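Asks: Take a look at the following structure, please.
All of the numbers you see were taken from the coordinates with simple rules; none came from a lab. Quantities reported herein were computed from a predicted structural model and do not represent experimental measurements. For neighbour counting, all protein chains shown are included, and Cβ atoms are generated from backbone atoms with ideal geometry for every residue, glycine included.
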Amino acid sequence: MDIKIGDILEMKKPHPCGCKNFLVTRIGMEFKMTCQGCEHQVILPRSKVEKNLKKIISNT
């Protein structure tokens, strides 16, 4: 999977605010992502992100 810092990920399930897009701010064993709707930061394990990823919207 080719995910870089600054990419926007569209997930299958929305955040409780209703937005499905998340900005990647840190990559490692866990992903730190910021919701594009409410600016809430979420930390998820890599396996959960890869499972729930719908598509990658690249910033570059």
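Asks: Quote to one decimal, in nm, the extra length available between Lys51 and Cys17 on full extension: 0.36 nm per residue of separation minus the C-alpha distance between them.
Replies: 10.2 nm
Asks: Further question on the same structure: What does the charge dipole of the chain about its Cα centre add up to, to the nearest 20 debye, if the Cβ of each Lys and Arg holds +1 and the Cβ of each Asp and Glu holds -1?
Replies: I would put it at about 220 debye.
Asks: Hey, another quick one. By what distance, in whole Å, do the Cα atoms of the range 8-60 stretch along each of the three principal axes, largest value first?
Replies: 25, 22, 19
Asks: I've got another one for you. Under 14 Å between C-alpha atoms is the cut-off here; go through the chain and count lysine pairs that meet it, provided they're at least eight residues apart or on different chains.
Replies: Taking the chain as the scope, the lysine pair count is 14.
Asks: Report the Cys residues of the chain lacking a disulfide-compatible partner, meaning no second Cys Cβ under 4.7 Å from their Cβ.
Replies: Cys19, Cys35
Asks: For the pair Arg26 and Ile5, how long in nm is the line joining their label points, each one 7 Å along Cα→Cβ?
Replies: If labels sit at Arg26 and Ile5, their model points lie 1.0 nm apart.
Asks: Rounded to the nearest 500, what is the chain's calculated 222 nm mean residue ellipticity when only DSSP H runs of at least 4 contribute -39500 (n - 2.57) each, over all residues? Show your work: numbers first, answer last.
Replies: On the way: 1 runs with 7 residues, N = 60.
Counting only the DSSP helices, I get -3000 deg cm²/dmol.
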